[in-house]
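The values are calculated or read from the model by the stated rules, or taken from the named source; none is laboratory data. The model shown is predicted, which means the values in this text are computed figures rather than measured ones. Virtual Cβ from ideal backbone geometry, glycine too; neighbours counted across all protein chains shown. With ligands, DNA and RNA removed, areas are computed over all heavy atoms of the protein, side chains included. Shrake-Rupley method; radii C 1.70, N 1.55, O 1.52, S 1.80 Å.
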Amino acid sequence: MERLRQLVLPERFVGYASLTTLLVVPWLDRTLGSTLAIAYVWALLALSYNVLIGLAGIASFGHAVPFGVAAFLTAIMLNAGVPYAATMICAALVAALAYTAVGVPAFRVRGLYYAILTLAVAEALRSTIESTARTTVAITVGSIPELTSAFGLWLYLAVLALALAVTFVSAVNDVRYTRRRRVKWAKTVVYAAMLALLAAASVKSFADSLGFLAELGAGAPYVKVIRFLYPINLYLLSLLTLYVSYLVVKRISVSPLGASLLAVRENPIRASVLGYNVFAHQLAAFLISGFFAGVAGSVYVALIPTVMTDVFSSDKTFTALVGTIVGGIGTLPGPIIGGILVGVLRDYLSALSPTLLSVGWLSMQQAQLLPSFLLGLLYVVVVLSLPYGIWGTWLLRGWRLKRRLEALLGGETS
């Protein structure tokens, strides 16, 4: 049971509180919930890219390949009436195999040359689809039946209640085992305030849900059901997919395969001399990375129900790359933090561009390039100020801040 707890649940109060906070967001602000739902997709894409560049040390500019393959396959299968769960698994597996095929040239080509080759493959796929169709390629997906069910709402409420309970237990245990008296009082005040806010938000969530379920039992119109249930279920799908993927990647990183990938990343020649099949491990990294990028592409289709050839564009790879570097290459929470940050900024800047265009400050082309330009500027700032990314820098230098806070709050031990 303890081993299962370590694999599934966060290790500290901050982890529980963060998860609970993310769960209550859509009940407080639907617009922010929609923005975060798509941001979780970019976080998952960054997490999958981190498997490749962080664990295996392989740079790829074609990470949009598995994302786009899974997105198109998901749209086709959903229109054919295939259940969404089966569609996601099938699309992710096909995307993983496609990305593994892209990784085969790594046997001969390495470094920057290979990264450019992967970019060429992604652009070739996009150009091939566009030239073959001879028209604008767009596949539209209707509402997914599984996401219009009230079962998703009940599941959401159960997960929220469990998260709130374990957050409270974690806070009590943390305060209980804190030895310094001033630190204990400081934690008590901060934790009590955070728990009060989370409890108030959770009460609102349960009240709104129970009110809707009462209307549903009385025969609420289908349009109202869709407007209330569908965004909530989409948000839960996006968040749980990211969390489960994080747990699986975390398990892989501490497994013998993860240790072997790190050995190959640090010194492939020495790993080869020790008996490791370097090329096979690199293909395994492509397979794992492609699978989770495919999962991200499948969730993307549920959130953005129109799939076009831009899913193969280098913009998707750039988003994953920036998210990974901003969060911290080689760390696990880092790409998720960076991916969410980049995703929120990407959505905000995209919404800001039409406003700037309407007042005449920018041309059409400049407005389209503005989000990428500002994200690139963020990338430069982070690389110069936080060379190890947000989470990587915290791991390396955060202990200094922690010691200063302990010294500031230090006193008698209880």
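Any idea which of Ala75, Ala56, Ala86 is furthest toward the positive side of the dipole for the chain, if Lys and Arg beta-carbons carry +1 and Asp and Glu beta-carbons -1?
Ala56
May I ask you to work out the translational diffusion coefficient for the chain at 4 °C, viscosity 1.567 mPa s, via Stokes-Einstein with Rh from the Kirkwood sum over Cα pairs, reported in whole µm²/s? Walk me through the intermediate numbers first.
Numbers: Rh = 23.1 Å.
Using the Kirkwood radius from Cα pairs, D works out to 56 µm²/s.
For segment 290-307, in order, what is each residue's ³J(HN,Hα) by Karplus, 6.51 cos²θ - 1.76 cosθ + 1.60 with θ = phi - 60°, in whole Hz (x at glycine and Pro)?
Along segment 290-307, the couplings run x, 5, 6, 5, x, 4, 4, x, 5, 5, 4, 5, 5, 8, 10, x, 10, 9 Hz.
Please arrange His281, His63 by accessible surface area, largest first, computed with a 1.4 Å probe and ligands excluded. Don't skip to the end; give the middle numbers.
Details: His281 35, His63 0 Å².
Accessible-area ranking of His281, His63, largest first: His281, His63.
Given H placed on each backbone N at 1.01 Å, which residues far from Tyr388 in sequence or on other chains put an amide H within less than 5 Å of it?
Thr393
Just subtract the alpha-carbon distance of Leu247 and Ala138 from 0.36 nm times their residue separation and send over the number in nm, one decimal.
Working: separation 109, 0.36 × 109 = 39.24 nm, distance 3.36 nm.
Extra length from Leu247 to Ala138 when fully extended: 35.9 nm.
Taking chymotrypsin sites (Phe, Trp or Tyr not before Pro) as exposed when DSSP calls them loop (any state but H, G, I, E, B) and at most 13 other Cβ atoms lie within 10 Å, what is the longest stretch of the chain free of them, the sites themselves excluded? Please report the intermediate quantities before stating the final value.
On the way: sites that count: Tyr177, Trp361.
It works out to 178-360.
Which residue fluctuates the most in the chain, going by a Gaussian network model with Cα springs under 10 Å, if the choices are Gly68, Gly290, Gly81?
In the Gaussian network model the winner is Gly81.
Got a number for the accessible area of Asp315? Probe 1.4 Å, square angstrom, nearest 10.
Solvent-accessible area, nearest 10 Å²: 40 Å².
Evaluate E = 1/(1 + (r/R0)^6) for Ile304 and Phe151, where r is the Cβ-Cβ distance and R0 equals 30 Å; express this FRET efficiency to the nearest 0.05. If you can, show how the numbers build up before the last one.
Details: r = 24 Å, r/R0 = 0.79.
Calculated transfer efficiency: 0.80.
For segment 114-127, what does the Karplus curve 6.51 cos²θ - 1.76 cosθ + 1.60, with θ = phi - 60°, yield as ³J(HN,Hα) per residue in whole Hz, taken in order and with x for Gly and Pro?
5, 4, 5, 4, 5, 5, 5, 5, 4, 5, 5, 4, 4, 5
Between Ala280 and Ala161, what is the FRET efficiency for a Förster distance of 51 Å, r being their Cβ-Cβ separation, to the nearest 0.05?
Details: r = 45 Å, r/R0 = 0.88.
The calculated FRET efficiency here is 0.70.
How large, in percent, is the carbon and sulfur part of the accessible surface of segment 151-280 at a probe radius of 1.4 Å? Each step should come with its number before you reach the end.
Numbers: 5200 of 7360 Å².
Ligands and nucleic acids excluded, carbon and sulfur reach 71 percent.
Just the accessible area for Met194, please: 1.4 Å probe, Å², rounded to the nearest 10?
Counting only protein heavy atoms, the figure is 70 Å².
Quick one: 3J(HN,Hα) in Hz for segment 32-43, Karplus 6.51/-1.76/1.60 with θ = phi - 60°, rounded, Gly and Pro as x.
So the J values, rounded to whole Hz, are 5, x, 5, 5, 5, 4, 6, 5, 5, 5, 5, 5.
Please check: in the Gaussian network model of the chain (C-alpha springs, under 10 Å), which one of Val295, Val278, Val169 has the largest mean-square fluctuation.
Judging by the Gaussian network model, the answer is Val169.
Under the Kirkwood approximation applied to all pairs of distinct alpha-carbon atoms, what is the hydrodynamic radius of segment 149-209 in Å?
Numbers: mean 1/r = 0.0774 Å⁻¹.
Computed over segment 149-209, the radius equals 12.9 Å.
Towards the positive end of the charge dipole of the chain, with charges on Cβ (+1 Lys, Arg; -1 Asp, Glu), say which of Thr331, Thr319, Ser363 has the farthest Cα.
Looking along the dipole axis, the top candidate is Thr331.
Quick one: how many Å² of Thr306 are accessible to a 1.4 Å probe, rounded to 10?
60 Å²
Could you tell me what % of all Cα pairs in segment 274-334 have separations over 16 Å?
Values: 1141 of 1830 pairs.
Roughly 62 percent, rounded to a whole number.
Pairs Lys204/Lys316; Lys187/Lys250; Lys250/Lys316: which exceed 31 Å Cα-Cα?
Numbers: Lys204/Lys316 36 Å; Lys187/Lys250 29 Å; Lys250/Lys316 23 Å.
In this structure, Lys204/Lys316 lie more than 31 Å apart at Cα.
Any idea which of Ala263, Leu44, Ala163 is furthest toward the positive side of the dipole for the chain, if Lys and Arg beta-carbons carry +1 and Asp and Glu beta-carbons -1?
Result: Ala263.
Along the Cα-to-C-beta direction of Tyr113, a point sits 7 Å from the Cα; which residues of segment 48-64 have their amide N less than 14 Å from that point?
none
Can you give the longest stretch of the chain with no exposed loop site, where a site means trypsin sites (Lys or Arg not before Pro) in a DSSP loop (not H, G, I, E or B) with at most 12 other C-beta atoms within 10 Å?
On the way: sites that count: Arg12, Arg108, Arg134, Arg179.
Here the longest segment lacking exposed loop sites spans 180-414.
Using unit Cβ charges (K, R positive; D, E negative) and no other charged atoms, how large, in debye to the nearest 20, is the dipole of the chain about its Cα centre?
Details: 29 positive and 15 negative charges, 301 e Å.
Once rounded to the nearest 20, the dipole reads 1440 debye.
Test of understanding: what is the full-extension gain from Ser255 to Ala80, defined as 0.36 nm times their sequence separation minus their Cα-Cα distance? Present the calculation step by step, with values, prior to reporting the outcome.
Working: separation 175, 0.36 × 175 = 63.00 nm, distance 3.83 nm.
Separation in residues times 0.36 nm, less the Cα-Cα distance, equals 59.2 nm.
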